[in-house]
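In what follows, a single structure is set out as structure tokens and then discussed.
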Amino acid sequence: MKRLLRKIVIFIDNQTLYPRGHLFLDKVVLAHVSKSLNVAQGIMALIDAGFPEEAFGVSRTMVEIALNLRYITNRNSEQRAKRFVHYLARWKMELMRRGLKHFYRTDAQGNWILDPKGERIPNYTKTDFRNMLEKKKYAAYVKAARKYPKRTSWTDTGSKASRGGVWMMAMEPDRYESVNGRPVSVRATHLNNGIGLENRKYTRPPTGQRV
């Protein structure tokens, strides 16, 4: 596995790639590929150091990268890549919300500083956060963040079809790969493993047959 990973890293490093500047898709895909190689090397380093359980935990990131990449490139790719990038605005708004909720003023001994009513005093205010960014940039973040009903999901648009998060991303039929004429999806994988998601029989293609 390490030898295969090393070959892939060398191959990618030897390429000269020029992402199209006016498209989100190129930059998002390359960023995911680059991140996946770094994470894969980190997993191998943890295993070599004798930390297989920790490596298993980090491997979840690889699954998330794979799902993101598959979902973005499956259909409506530029639109999905743009939505993935703009989710940064929603997450920044979420960090501000958490800052207001969880950070309070303390004295030198680490004790809460209370107001005359005995309430904890927030360490930040909304105005403080606004002043940390340029006025136009803050307004742009607020506008972009409104596109995301759920603060923990970049795929949920509020429509019924977009609900389900990871499950929805994995279950979307693949436009480019198929097995026995059926688009590849988690449903097909479950059927192949004998998990009855539906009453159809799934047959593994003969060894050596291209999928």
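The values are calculated or read from the model by the stated rules, or taken from the named source; none is laboratory data. Computed from a predicted model, the values in this text were never measured in an experiment. Every residue, glycine among them, receives a Cβ derived from its backbone with ideal geometry; neighbour counts consider all protein chains shown.
Restricting attention to region 43-81, the residues that are over 13 Å from the mean Cα position of the chain (by Cα), surrounded by 13 or more Cβ atoms within 10 Å (Cβ to Cβ) and within 28 Å of ARG146 (Cα to Cα) total 5. Listed by first and then second residue, the pairs linking a residue in region 14-35 that is in the same structural domain as GLU64 (by TED's automatic domain parsing) and over 21 Å from VAL58 (Cα atoms) to a residue that is surrounded by 15 or more Cβ atoms within 10 Å (Cβ to Cβ) and of a type in the set (Asp, Glu), with Cβ atoms under 7 Å apart and 6 or more places separating them unless they lie on different chains, are PRO19/ASP26; ARG20/ASP26.
The one condition from (1) at pLDDT 90 or above; (2) touching a Leu at 6+ places or on another chain (Cβ under 9 Å) that VAL186 does not meet is (1).
Among the residues of region 164-182, just one is surrounded by fewer than 13 Cβ atoms within 10 Å (Cβ to Cβ) and either closer than 26 Å to GLU94 by Cβ or among the hydrophobic types (A, V, I, L, M, F, W, C) (or both), namely TRP167. Candidates ALA161, ALA108: the one that is loosely packed, with under 11 Cβ neighbours inside 10 Å, aliphatic (A, V, I, L, M) and under 29 Å from ARG80 (Cβ atoms) is ALA161.
To keep it simple, each residue is scored yes or no on (1) farther than 24 Å from GLU177 by Cα; (2) in contact (Cβ under 8 Å) with a residue 24 or more places away in the chain.
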position	(1), (2)
ASN38	yes, no
ILE43	yes, no
PRO52	yes, no
ASN76	no, no
PHE84	no, yes
GLU94	yes, yes
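Only one of the listed residues (VAL85, VAL63) is of a type outside the set (S, T, N, Q), under 14 Å from THR155 (Cα atoms) and out of contact with any strand residue (DSSP E or B) (no Cβ under 6 Å at 6 or more places or on another chain). That residue is VAL85. Taking region 165-178 as the range and being more than 16 Å from VAL63 (Cβ to Cβ) and at pLDDT 75 or above as the test, the residues that pass are PRO173, ASP174, ARG175, TYR176, GLU177.
Comparison of LEU197, LEU191 shows that the only residue that is at pLDDT below 80, outside any loop (DSSP other than H, G, I, E, B) and farther than 21 Å from LEU69 by Cα is LEU191.
When you check ARG120 against the structure, is it of a type in the set (Lys, Arg) and closer than 30 Å to MET169 by Cα, yes or no? No: the conditions fail for ARG120. On inspection, VAL63 fails the criterion of being touching a residue at least 12 places away in the same chain (Cβ under 8 Å) and within 30 Å of MET168 (Cβ to Cβ). For ARG98, the stated conditions hold: it is loosely packed, with under 14 Cβ neighbours inside 10 Å, in the same structural domain as GLY164 (by TED's automatic domain parsing), assigned to a helix (DSSP H, G or I) and of a type outside the set (A, V, I, L, M, F, W, C).
If a residue has to be free of Cβ contacts under 8 Å to residues at least 24 places away in the same chain, assigned to a loop (DSSP other than H, G, I, E, B) and not acidic (Asp, Glu) to count, how many in region 109-140 make the cut?
10
Among the residues of region 125-149, the ones that are among the small types (Gly, Ala, Ser) and exposed (fewer than 13 other Cβ atoms within 10 Å of the Cβ) come to 1 in all.
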